[in-house]
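Working notes, structure below.
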Amino acid sequence: MKYVREYRDEDLVRTAVDEIRKGITQPWVIMEICGGQTHSIVRYGLDQLLPSEIELVHGPGCPVCVTSLEIIDKALAIASRPEVIFTSYGDMLRVPGSGRDLFSVRARGGDVRVVYSPLDAVKIARENPEREVVFFAIGFETTAPANAMSVLQAQNLGLKNYSVLVAHVCVPPAIRAILGSPENRVQGFLAAGHVCAVMGYWEYTPLAEEFSVPIVVTGFEPLDIAQGILMTVKHLEAGKAVADNAYKRAVTYEGNKPAQKVIQRVFMDCDRKWRGIGIIPGSGWCLRPEYAAFDAENRFEVSDIQPEESPVCIAGLILQGLKKPLDCPAFGNPCSPEKPLGATMVSSEGACAAYYSYGRG
Ligand code: SF4
């Protein structure tokens, strides 16, 4: 397949790794932000190919993993209501809340449906005017434009039975929180290419300067990641704290301006709780007051939920780069994709799921 096969070319990857090996003079800890990158790294064994001076740690860029337990419990409560059709991306159905998941709600008669786009949920709302249709609007900057569009489309259609349960999170405040922590070990970042395709990478320049780290926009194929690491190592070795782009075929400095405009029209900044990490100030997007009628949290009584996290799960530490999946005593037994104790074992972008799927440990 064009534009994929050449980015999986083993010789090209090895050439990039050789160049990293020649240029490296000391140990560096580099975090890949996105869970999609984590899966590529583990699947293709990139971490094992790199010189031993480089330690890759896995970041919080898995939307399913960082969606807070409170929001998942709210989703479970809303989805259990008889008048509701609850729509969601498939990944969310198996994410454990406090003791159950959306699949178990469906097994008990809840009308929970998997959709591939929020616009499918709007269509369901049009076709079912007597029911309340709720879309679980999770994700980073990547999914925000389509979620915002669904609200605008529902408004244009005059739909009174469509709402969104918003759990949007944003990357730059998470990088700030990681770098600002006294326990931080990360010295360079691979930023998520798809997020930057929407937002550009202008937001990373002040972060790189403030915390003296290079932040390199990186894609998802093995060669993309090797080139992103190469660029990061070159900046680290040269002592350059810059935001740079190793994913030029998809990302510009400014990003997708029309998409950013749609996001700004519908959403505004708010504090957001990240699963296992806690509240990160200004790290989320919520609906603007003028779209409050589309906010599922306003429409349904779900404010008094007290979540209970599994006491053994260390996913929050993994998502901050402080631990790795194999450090968790529950990895593999009792925690597995069939019986997950935490979201990082469920999601197709979760670090624990990557280690489990590709036979680590
Ligand atoms: S292996 Fe399971 S319990 Fe351990 S951190 Fe990962 S998801 Fe949590």
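None of the figures in this text is laboratory data; all of them are computed from the coordinates on show. Just so we're clear, the structure is a prediction, and the values are computed from it rather than from any experiment. Every residue, glycine as well, gets a Cβ built from its backbone with ideal geometry; the counts of neighbours run over all protein chains shown.
Its residues counted as N, the stretch 42-191 yields a C-alpha radius of gyration over 2.2 N^0.38 Å of 1.26. About its Cα centre, the dipole of the stretch 104-216 is roughly 440 debye, where the only charges are +1 on Lys and Arg Cβ and -1 on Asp and Glu Cβ.
The ranking of Val262, Val312 by Cβ neighbour count inside 10 Å, starting from the fewest, reads Val312, Val262. With a simple spin-label model that places each label point 7 Å from the Cα along the Cα-to-Cβ direction, the separation between Glu10 and Gln306 comes to 5.7 nm. Placing unit charges on each Cβ (+1 for Lys and Arg, -1 for Asp and Glu) gives the chain a dipole about its Cα centre, and among Tyr356, Gly109, Pro258 the Cα reaching farthest toward its positive end belongs to Gly109. Within the chain, antiparallel bridges make up roughly 25 percent of the DSSP beta bridges whose residues both belong there.
Restricting everything to alpha-carbon atoms, can you work out Rg to Rh for the chain with a Kirkwood hydrodynamic radius? Don't skip to the end; give the middle numbers.
Working: Rg = 20.5 Å, Rh = 21.0 Å.
Value, to two decimals: 0.98.
Using a Förster distance of 41 angstrom, determine the FRET efficiency expected from the C-beta separation of Glu237 and Ser357, and round it to 0.05. The computed FRET efficiency comes out at 0.75.
With a cut-off of 14 Å between beta carbons, the residues surrounding Cys170 carry a summed charge of -1, where Lys and Arg count +1 and Asp and Glu -1.
Full extension of the chain segment joining Gln264 with Arg131 gains 45.0 nm, where the gain is 0.36 nm per residue of separation less the Cα-Cα distance.
Here the label points at Arg100 and Leu326, each 7 Å from Cα along the C-beta direction, are separated by 3.8 nm in the simple model. Applying the Karplus relation 6.51 cos²θ - 1.76 cosθ + 1.60 with θ = phi - 60° to the stretch 55-67 yields 3J(HN,Hα) values of 10, 8, 10, 9, x, x, x, 10, x, 5, 5, 9, 5 Hz, where x marks Gly and Pro.
Among the GluC sites (Glu not before Pro) found in the stretch 105-165, those both in a DSSP coil and sparsely packed, with 16 or fewer other Cβ atoms within 10 Å of their Cβ, are Glu130. Taking a sphere under 15 Å around the Cβ of Pro51 and counting the other residues whose Cβ falls inside, with K and R at +1 and D and E at -1, yields a net charge of -2. With a threshold of 19 Å on the Cα-Cα distance, the over-threshold entries among Lys74/Lys273; Lys123/Lys261; Lys22/Lys234 are Lys123/Lys261. Only the Cβ atoms of Lys and Arg (+1) and of Asp and Glu (-1) were treated as charged; on that basis the dipole of the chain about its Cα centre amounts to roughly 520 debye.
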